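Participant: Take this structure, written in structure tokens, and hold onto it; I'll ask about it next.
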Amino acid sequence: MKTSRFHLSTLKETPADAEIVSHQLMLRAGLIRRLASGLYTWLPLGLRVLRRVETIVREEMDNAGALELLMPAVQPAELWQESGRWEQYGPELLRLKDRHQREYCIGPTHEEVITDLFRREVKSYKQLPINLYQIQTKFRDEIRPRFGVMRSREFIMKDAYSFHSDQASLQQTYQLMFETYSRIFDRFGLKYRPVSADSGSIGGNASHEFHVLADSGEDGIAFSAQGEYAANVELAEAKTDQTRSAPGQALNTMDTPDQHSIEQVSEFLSVAPSQTVKTLIVKGENDTLIALVLRGDHELNAIKAAKITGMASPFEMADAEKIKQQLNCDIGSLGPVGLTIPLFVDRSAAVLSDFVCGANQNGKHLTGVNWGRDLAEPEVVDIRNVVDGDPSPDGSGTLQIVRGIEVGHIFQLGEKYSAALNASVLDENGKSIIATMGCYGIGISRVVAAAIEQNNDDAGIIWPASLAPFQLVICPINYHKSEPVQQAANDFYLQCQQQGIDVLLDDRPLRPGAMFSDMELIGIPHRIVFSERGLKAGQCEYKGRCDEQSQDLDLAQLPAFIQQQLQG
RNA sequence: CGGGGUGUAGCGCAGCCUGGUAGCGCAACUGCUUUGGGAGCAGUGGGUCGGGGGUUCGAAUCCCUCCUCCCCGACCA
């Protein structure tokens with residue numbers, strides 16, 4: 001491809017409304033353009049990257065025996081009513097009516113459609129297992145689309161659905177998909193990590209997420225540096241290896257005027273925040289209140305807390321006013337001692353002794369508090385986020401926390417949709433059995449953003465070789481003035497094309513600086529420069545996108561050198 | 001949905017407070033010069049100032065209203 005025939009559309013300035021680096025660079029490099037909130041056009045350059053992602057996914061899914069099909073983006077309401085999700089899904093589901101007033105939605109996912117297809121098509125256990133996938137545009141009417149294609153409303157996803165006559169078969173395909181996903185992400189050339197998205201308490205590996213690692217990632221991933229354990233922070237079990245020591249101090253009431261936060265109180269009383277306890281009041285069922293107690297330096301994990309029986313649904317913090325009215329003190333002075341509402345205590349808070357907490361009286365805190373002596377033995381639960389250095393739940397060393405972007409998710413669905421839509425086959429005894437299902441997604445468009453989020457520098461995008469829109473760019477200096485330069489560039493360009501190299505020739509009449517900056521912005525991995533000066537010495541120049549310095553090459557060794565670079 | 005902000009040329013912004021008929025940089029176009037890290041000079045084109053309504057002799061500017069986009073919302077005891 002020559003730049004003169006390709007719509008390169010780079011921006012020197014960063015668009016004001018793009019917040020994260022991948023979004024900024026995708027706009028600046030001319031990969032995407034915004035049409036409306038959460039809706040983006042993929043420009044030719046961006047589409048080349050998107051296609052590379054798709055191709056890798058497609059090849060590996062095909063290798064794993066999955067079969068590609070394509071389902072409609074628009075789906076009839078009846079199917080969603082049958083699964084019950086027409087009511088459950090809420091405003092994220094974009095609903096519409098046709099001219100006959102029949103109701104439809106634009107699919108955010110395709111479980112209903114695939115299950116409907118399956119029940120019409122597949123009748124016998126002999127046809128199982130089967131794994132069907134598509135690469136398709138989805139729509140979720142996000143409350144707040146942001147970060148460009150990272151969290152857009154319309155997006156491209158690979159979704160696969162497998163059907164089985166028994167759990168063992170599902171397990172087998174699930175394992176195969178896990179390996180396939182690992183191969184896909186290896187081929188992307190991205191740093192990633194599969195994490196279990198299930199606490200593990202239900203047994204089995206019912207769900208895994210694949211995260212591309214990036215400091216700006218929205219999800220926290222906890223993993224054991226020494227062992228296999230890896231889980232989303234939202235779900236990682238928080239353990240403590242401490243045991244409670246015997247009480248050493250007497251219970252004391254201290255005046256703590258205007259000291260509300262843990263930070264203030266611990267500084268005022270000269271104790272570590274980890275020696276204090278915070279008491280959070282949340283809503284319980286039937287308009288009641290429930291108290292949650294955490295160590296002062298820990299954070300509540302709302303997903304875990306929501307699972308406690310008796311919690312209001314959805315999980316919510318109680319209003320300050322109601323707390324004041326019922327407990328007779330402000331939220332900055334709450335404590336577990338003497339509370340008459342149900343009390344759940346995090347494991348780490350339950351092993352404290354001689355700790356500090358609010359006195360349930362404004363302006364006062366208690367010190368030297370001990371479970372079992374000053375108040376009842378606690379009802380112990382796991383309700384906090386894990387932190388760096390926590391013991392790994394599987395006993396293999398300690399946890400580390402990194403940030404990640406969720407780009408893949410594999411899931412054992414079981415019979416949720418097959419039962420609702422009565423998707424059954426006959427087994428070897430002629431008996432009708434409900435199929436059991438798995439589903440496997442990869443956010444194709446999100447992978448592009450995640451790749452940039454992980455790989456960029458001040459100059460722009462740094463594509464891994466497998467995702468780059470072009471592998472190699474030829475930058476001739478004075479292409480339009482110097483015949484030798486034009487000749488050398490054209491010759492090498494043709495030579496690359498004949499070898500099947502995805503090569504870009506920058507034949508725009510630009511000054512070198514402008515040309516180099518553009519090519520670095522769009523992230524082409526390899527660059528060859530031809531100049532009159534170099535050609536006179538029988539040389540050209542090579543620079544890899546991440547190289548500090550360029551290097552001179554003899555023209556004779558150029559083809560072999562490039563061959564080697566592209567393979568490496 | 002609630003709160004805050006924003007909207008002026010393709011992009012980034014000034015002008016608004018204190019009304020007088022729109023400007024800067026980049027980009028684009030033409031010509032000449034230049035050609036190893038986003039060139040210089042000269043010239044050109046491009047804006048219903050988000051929409052509608054109002055106040056006024058006169059509105060980008062003041063008032064009302066609708067809309068857009070962005071940020072915040074659940075990590076506080």
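The values are calculated or read from the model by the stated rules, or taken from the named source; none is laboratory data. Given the structure is predicted, the values throughout are model-derived calculations rather than measurements. Cβ placement follows ideal geometry from the backbone for every residue including glycine, while neighbour counts extend to all protein chains displayed. SASA here: full protein model, heavy atoms, side chains in, ligands and nucleic acids out. Shrake-Rupley method; radii C 1.70, N 1.55, O 1.52, S 1.80 Å.
Participant: For chain A, with the dipole built from +1 on Lys and Arg beta-carbon atoms and -1 on Asp and Glu ones, taken about the Cα centre, which of A:Leu213, A:Ser270, A:Pro108 lies farthest toward the positive end?
Facilitator: A:Pro108
Participant: Rounded to the nearest 0.05, what FRET efficiency do A:Glu428 and A:Leu555 have when you use their Cβ-Cβ distance and R0 = 56 Å? Let's see the in-between values first.
Facilitator: Working: r = 70 Å, r/R0 = 1.24.
Efficiency computed from Cβ-Cβ geometry: 0.20.
Participant: Could you work out the pair-distance distribution P(r) of region A:472-567 from its alpha-carbon pairs, with 5 angstrom bin width and percents rounded to whole numbers?
Facilitator: Using 5 Å bins, I get a P(r) of 3, 14, 27, 28, 21, 7, 0 for region A:472-567.
Participant: Give me the one-decimal nm value for the distance between modelled label points at A:Ala225 and A:His100, 7 Å along each residue's Cα-to-Cβ direction.
Facilitator: So the label points at A:Ala225 and A:His100 sit 6.4 nm apart.
Participant: With a ≥ b ≥ c the root eigenvalues of the C-alpha gyration tensor of region A:373-475, is it rounded (a/c under 1.5), prolate (a/b larger than b/c) or oblate? Walk me through the numbers on the way to the answer.
Facilitator: Values: a/c = 3.41, a/b = 1.13, b/c = 3.02.
The shape class here is oblate.
Participant: For the residue pair A:Leu47 and A:Ser274, what label-to-label distance in nm results when each label sits 7 Å from Cα along the Cα-to-beta-carbon direction?
Facilitator: Here the modelled spin labels are 5.6 nm apart.
Participant: How many nm separate the modelled label positions at A:Lys2 and A:Ser396, each set 7 Å beyond the Cα in the direction of the Cβ?
Facilitator: Label-label distance for A:Lys2 and A:Ser396, simple model: 5.6 nm.
Participant: Sticking with this one: Determine which lysines satisfy two conditions relative to A:Lys536: a Cα distance under 18 Å, and not lying fewer than 8 residues away in the same chain.
Facilitator: A:Lys481
Participant: Mind computing the radius of gyration and Dmax over the alpha-carbon atoms of chain A? Å is fine for both.
Facilitator: According to the Cα coordinates of chain A, Rg and Dmax are 29.6, 93 Å.
Participant: Shifting gears a bit: Roughly speaking, what is the stretch gain from A:Ala465 to A:Gln172, that is 0.36 nm per residue apart minus the C-alpha to C-alpha distance, in nm to one decimal?
Facilitator: On the way: separation 293, 0.36 × 293 = 105.48 nm, distance 3.20 nm.
Full extension from A:Ala465 to A:Gln172 adds 102.3 nm.
Participant: Right, something else. For region A:331-348, just list the computed ³J(HN,Hα) in residue order, Karplus coefficients 6.51, -1.76 and 1.60, θ = phi - 60°, integers in Hz, with x standing in for Gly and Pro.
Facilitator: Values per residue, Gly and Pro as x: 5, x, 10, 7, x, x, 6, x, 6, 9, 8, x, 10, 10, 10, 5, 3, 6 Hz.
Participant: Starting from the Cα of A:Asp330, step 7 Å toward the Cβ, then list every residue of region A:253-276 with an amide N under 18 Å from that point.
Facilitator: A:254-269
Participant: Then there is this: Can you figure out the FRET efficiency of A:Gln499 with A:Leu67, using R₀ = 45 Å and their beta-carbon distance, to the nearest 0.05? Intermediate values should be presented prior to the final figure.
Facilitator: Working: r = 33 Å, r/R0 = 0.74.
The pair A:Gln499/A:Leu67 has a calculated efficiency of 0.85.
Participant: Using the per-residue mean of other Cβ atoms lying within 10 Å as a proxy for protection, in what order, highest first, do the peptides A:325-338, A:249-262 fall?
Facilitator: Details: A:325-338: 17.9, A:249-262: 14.0.
The most tightly packed comes first, giving A:325-338, A:249-262.
Participant: If a/c stays under 1.5 just call it rounded; otherwise compare a/b with b/c (prolate if a/b is bigger, oblate if not). Do that for region A:252-381, with a ≥ b ≥ c from the square roots of the Cα gyration tensor eigenvalues.
Facilitator: On the way: a/c = 1.71, a/b = 1.37, b/c = 1.25.
Here region A:252-381 falls in the prolate category.
Participant: Here is a further query. Provide A:Ile32, A:Ile20 ordered by accessible surface of protein heavy atoms (probe 1.4 Å), highest first.
Facilitator: Details: A:Ile32 0, A:Ile20 30 Å².
Final ranking, largest accessible area leading: A:Ile20, A:Ile32.
Participant: To continue, here is another question. Amide H neighbours of A:Cys105 under 5 Å, at least 5 residues apart or on other chains, H built in the peptide plane: list them.
Facilitator: Excluding prolines and chain starts, which carry no amide H, the hits are A:Gln75, A:Ala77, A:Leu96.
Participant: With every protein chain left in place, what is the accessible area per residue of chain A in square angstrom, probe 1.4 Å? Write down the numbers at each step before the final one.
Facilitator: On the way: 26400 Å² over 568 residues.
Roughly 46 Å² per residue, with all protein chains present.
Participant: Taking amide H positions as placed 1.01 Å from N in the peptide plane, with prolines and chain starts having none, which residues 5 or more places from A:Leu553, or on another chain, fall under 5 Å of its amide H?
Facilitator: Answer set, sorted by chain and number: A:Cys540, A:Glu541, A:Tyr542.
Participant: Zone of A:Arg511 (label point 7 Å along Cα→Cβ, backbone N under 14 Å): which residues in region A:454-492?
Facilitator: Hits in region A:454-492 for A:Arg511 at 14 Å: A:478.
Participant: Additional query: Got a number for carbon plus sulfur as a percent of region A:472-567's accessible area, 1.4 Å probe? Working shown, then result.
Facilitator: Values: 2180 of 4870 Å².
Carbon plus sulfur share of accessible area: 45 percent.
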